[in-house]
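Trainee: Quick one: the structure is below, and I'll ask about it shortly.
The values are calculated or read from the model by the stated rules, or taken from the named source; none is laboratory data. The model shown is predicted, which means the values in this text are computed figures rather than measured ones. So basically every Cβ, Gly included, is an ideal-geometry build from the backbone, and we count neighbours across all protein chains shown. SASA here: full protein model, heavy atoms, side chains in, ligands and nucleic acids out. Shrake-Rupley method; radii C 1.70, N 1.55, O 1.52, S 1.80 Å.
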Amino acid sequence: MRIAITAEGQTLASPVDPRFGRAAWFIVYDTVDKSARAVDNQRGQMAGQGAGVQAVETLAREGATALLTGHCGPNAFRALSAAGIQVFLGASGSVADAIQAHQDGALRAAAGNDVQGHWT
Amino acid sequence: MTGAGLPDKGTLHIAIASGKGGTGKTTIAVNLARALDRPVRLIDADVEEPNAHLFLKPEIRARAEVSLLVPRVNADLCTRSGDCARACRYHAIVTFGTLPLVFPELCHGCGACAWACRAGAIEEVPHVIGTVYSGTAGLIELVWGTLDIGQPMAVPVIRAVKRFADRSRLTLLDCPPGTSCPMVTAVRGSDFVVLVTEPTPFGLHDLGLAAETLQRLDLPCGVVINRSGSADRLIERFCAERGLPILMRVADDRRIAEAYSRGILAIEAVEGLVPRFRDLYDAIVSAAGQAGRPSGDVLHAHV
């Protein structure tokens, strides 16, 4: 299983970026071989509109089936659902902390978006 | 000199723009339109916050909805190829090996998805994003548009109000502030642009951005200093460096601000302003003539 975590930097020690569509990086973590890969989201950060939808396309390409992030807007949530990516909100601390929290079952799967678009 | 490649001064299209918001574009536009005392069409192209009608109080003659064509997917015909999503630059239609998801508010209405779909599964349907109004107020024919709340895309509504721009008539365009797509869409095609600024560092900074934008668009311009006073040198120095004419100065006068706050024209609140606005028109005609930019409509006169 591949988990995507929004991050401010490129490593497992980087802080979780609470934004989804405009996160600086996505860390894609493979729970089987425990490998991690950083995916640049500069395009999402620069996008005028549609950053969330664009980010979902990126995660789908990376084969992620779960997302750990801070918040998520309505367009992104609709796209994540269609892409079959489970969403876990309220992740904080480092990327490694978020992965641990997810494995401990401390993050609950979201049933919908928790913020409106352009919330930051 | 008319007929020698210059636009006929009686049918000039004059855009009133600025970099910074709140410098007085509408004040200049509505007072100029009224002071001219002759038939003029005023197009309020600031569809995100139109306000010329608040001062002119026109009688509304017509209104029409503005819509964009957005995709609608026929699930029976869709082959899940993803061709539509690959064609869309704006991520307004996306697929994950699934039926496409459409996000109408991200759609620019270009039709690329329908064109790319080999299965003919995409139908384009109107998505209303705003309204265009036209009306009359004395000799002024006013056209304005409103972008619906929550709609991010102003440009299609600006294009819709600009369809009322008629090359055979004197036309003033009250433009949106800034230097991005809405402003560029609004000023494009005009004969001359009046940049309204204020003598502050912020006013100067955004005047510089606006002047640079117009230079790239190859549009001649001049400057009106609003709330003119002791700091004018800031703007004067810039205009001298760039060779931009200062067309008018409107004094920093509390009576003008009070009238504005009540929706009353400055020329009705302060005596002696009507001739000043007529002088502004003459200055625009003169500057537009010196700019010597042939308008598209009179090019055939060279034959």
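Trainee: Only one of these is of a type in the set (Gly, Ala, Ser), open to solvent by 30 Å² or more (accessible area, probe 1.4 Å), within 14 Å of another protein chain (Cβ to nearest Cβ) and not in a loop (DSSP other than H, G, I, E, B): A:Ala96, A:Ala60, A:Ala55. Name it. Outline the logic, then answer.
Mentor: Numbers: A:Ala96 fails: within 14 Å of another protein chain (Cβ to nearest Cβ); A:Ala55 fails: open to solvent by 30 Å² or more (accessible area, probe 1.4 Å).
Just one listed residue meets the conditions, A:Ala60.
Trainee: A follow-up question, please. What pairs come up if the first residue lies in region A:57-81 and is without any contact (Cβ under 8 Å) to a residue 60 or more places away in the chain and more than 16 Å from A:Val115 (Cβ to Cβ), the second is open to solvent by less than 10 Å² (accessible area, probe 1.4 Å) and of a type in the set (Gly, Ala, Ser), and their beta carbons are under 6 Å apart, counting only those six or more places apart or on different chains?
Mentor: Every condition considered, the pairs that remain are A:Leu59/A:Ala4.
Trainee: Additional query: Specify which of the listed residues (A:Val39, A:Val32, A:Val87) is without any contact (Cβ under 8 Å) to a residue 40 or more places away in the chain, outside any helix (DSSP H, G or I), more than 14 Å from chain B (Cβ to nearest Cβ) and buried (at least 21 other Cβ atoms within 10 Å of the Cβ).
Mentor: Numbers: A:Val39 fails: buried (at least 21 other Cβ atoms within 10 Å of the Cβ); A:Val32 fails: buried (at least 21 other Cβ atoms within 10 Å of the Cβ).
Criteria check complete, one pass: A:Val87.
Trainee: Which number in (1) open to solvent by 20 Å² or more (accessible area, probe 1.4 Å); (2) β-branched (Val, Ile, Thr); (3) out of contact with any helix residue (DSSP H, G or I) (no Cβ under 6 Å at 6 or more places or on another chain); (4) farther than 22 Å from B:Leu36 by Cα marks the one condition that B:Val157 misses?
Mentor: (1)
Trainee: A further question on this structure: Just wondering, is there one or more residues in region A:4-11 that are modelled with pLDDT of 95 or more, over 30 Å from B:Arg80 (Cα atoms), over 12 Å from the mean Cα position of the chain (by Cα) and open to solvent by 30 Å² or more (accessible area, probe 1.4 Å)?
Mentor: Step one: filter region A:4-11 for residues modelled with pLDDT of 95 or more, giving A:4-11.
Next cut, over 30 Å from B:Arg80 (Cα atoms) only: A:7-11.
In the following step, the residues that additionally are over 12 Å from the mean Cα position of the chain (by Cα) were identified as A:9-11.
If we keep only those that are open to solvent by 30 Å² or more (accessible area, probe 1.4 Å) as well, we get A:10-11.
Yes: one or more hits.
Trainee: Any residue that is exposed (fewer than 14 other Cβ atoms within 10 Å of the Cβ) and at pLDDT 95 or above - is there at least one of those in region B:231-239? Explain how you work it out, then say what you get.
Mentor: Step one: of region B:231-239, the residues exposed (fewer than 14 other Cβ atoms within 10 Å of the Cβ) are B:233, B:237.
Subsequent filtering for residues that are at pLDDT 95 or above retains B:233, B:237.
Yes, some residue in region B:231-239 is exposed (fewer than 14 other Cβ atoms within 10 Å of the Cβ) and at pLDDT 95 or above.
Trainee: Go through region B:78-185 and tell me which strands (runs of 3 or more DSSP E), entirely inside it, have 3 or more residues that are within 29 Å of A:Pro74 (Cβ to Cβ). Step through it out loud before you land on a result.
Mentor: Details: elements: B:122-137, B:140-147, B:171-174.
Qualifying strands (runs of 3 or more DSSP E): B:122-137, B:140-147.
Trainee: Spot the failing condition for A:Met46; the list is (1) touching a His at 6+ places or on another chain (Cβ under 9 Å); (2) surrounded by fewer than 21 Cβ atoms within 10 Å (Cβ to Cβ), and only one is missed.
Mentor: (1)
Trainee: Look at B:Glu49 and say whether it is acidic (Asp, Glu) and within 14 Å of another protein chain (Cβ to nearest Cβ). Break it down stepwise before answering.
Mentor: Values: acidic (Asp, Glu): yes; within 14 Å of another protein chain (Cβ to nearest Cβ): no.
When the stated conditions are applied, B:Glu49 does not pass them.
Trainee: Quick one: which of B:Gly97, B:Gly138, B:Gly130, B:Gly109 is in contact with a helix residue (DSSP H, G or I) (Cβ under 8 Å, 6 or more places away or on another chain) and open to solvent by 50 Å² or more (accessible area, probe 1.4 Å)?
Mentor: Working: B:Gly97 fails: in contact with a helix residue (DSSP H, G or I) (Cβ under 8 Å, 6 or more places away or on another chain); B:Gly130 fails: open to solvent by 50 Å² or more (accessible area, probe 1.4 Å); B:Gly109 fails: open to solvent by 50 Å² or more (accessible area, probe 1.4 Å).
Unique residue meeting the criteria: B:Gly138.
Trainee: While we're on this one: From the list A:Asp114, A:Asp33, A:Asp40, which residue is farther than 25 Å from B:Thr95 by Cα and not β-branched (Val, Ile, Thr)?
Mentor: Working: A:Asp114 fails: farther than 25 Å from B:Thr95 by Cα; A:Asp40 fails: farther than 25 Å from B:Thr95 by Cα.
Testing whether each residue is farther than 25 Å from B:Thr95 by Cα and not β-branched (Val, Ile, Thr) leaves just A:Asp33.
Trainee: Sticking with this structure for a sec: Just the residues that are in contact (Cβ under 8 Å) with a residue 40 or more places away in the chain and of a type in the set (Ser, Thr, Tyr), please, taken from region B:246-279.
Mentor: B:Tyr260 - this is the single residue of region B:246-279 that is in contact (Cβ under 8 Å) with a residue 40 or more places away in the chain and of a type in the set (Ser, Thr, Tyr).
Trainee: Taking A:Gly70 as the residue in question, decide whether it is touching a strand residue (DSSP E or B) at 6+ places or on another chain (Cβ under 7 Å), part of a loop (DSSP other than H, G, I, E, B) and over 23 Å from B:Val94 (Cα atoms). It would help to see each step written out before you state the result.
Mentor: Details: touching a strand residue (DSSP E or B) at 6+ places or on another chain (Cβ under 7 Å): yes; part of a loop (DSSP other than H, G, I, E, B): yes; over 23 Å from B:Val94 (Cα atoms): yes.
Here the answer is yes, as A:Gly70 does meet what is asked.
Trainee: Now, a different point. Please work out if A:His102 is touching a residue at least 12 places away in the same chain (Cβ under 8 Å) and in a loop (DSSP other than H, G, I, E, B). Lay out the reasoning, then the answer.
Mentor: Numbers: touching a residue at least 12 places away in the same chain (Cβ under 8 Å): yes; in a loop (DSSP other than H, G, I, E, B): no.
So A:His102 fails the test.
Trainee: Residues of region A:64-82 being small (Gly, Ala, Ser), out of contact with any Ser or Thr (no Cβ under 8 Å at 6 or more places or on another chain) and open to solvent by less than 40 Å² (accessible area, probe 1.4 Å), which ones?
Mentor: Answer for region A:64-82, where residues must be small (Gly, Ala, Ser), out of contact with any Ser or Thr (no Cβ under 8 Å at 6 or more places or on another chain) and open to solvent by less than 40 Å² (accessible area, probe 1.4 Å): A:Ala64, A:Ala66, A:Gly73, A:Ala76, A:Ala79.
Trainee: Next question, about the same structure. Which one is surrounded by the most Cβ atoms within 10 Å (Cβ to Cβ) among residues in region B:63-94 that are more than 23 Å from A:Ala47 (Cα to Cα) and within 14 Å of chain A (Cβ to nearest Cβ)? If you could, list the steps in order and put the result at the bottom.
Mentor: If we filter region B:63-94 for residues that are more than 23 Å from A:Ala47 (Cα to Cα), which is where we start, we get B:63-67, B:72-81.
Right, trim to within 14 Å of chain A (Cβ to nearest Cβ) and you get B:73, B:75, B:78, B:80.
Values: B:Val73: 21, B:Ala75: 9, B:Cys78: 18, B:Arg80: 14.
Ranking the candidates gives B:Val73 first.
Trainee: In region B:21-62, how many are assigned to a helix (DSSP H, G or I) and either within 21 Å of B:Gln151 (Cβ to Cβ) or open to solvent by 30 Å² or more (accessible area, probe 1.4 Å) (or both)? Please lay out each step first, then the result.
Mentor: Filtering region B:21-62 down to residues assigned to a helix (DSSP H, G or I) leaves B:25-36, B:52-56.
Filter once more, so that each one left must be either within 21 Å of B:Gln151 (Cβ to Cβ) or open to solvent by 30 Å² or more (accessible area, probe 1.4 Å) (or both): B:34, B:52-54.
So the count comes out to 4.
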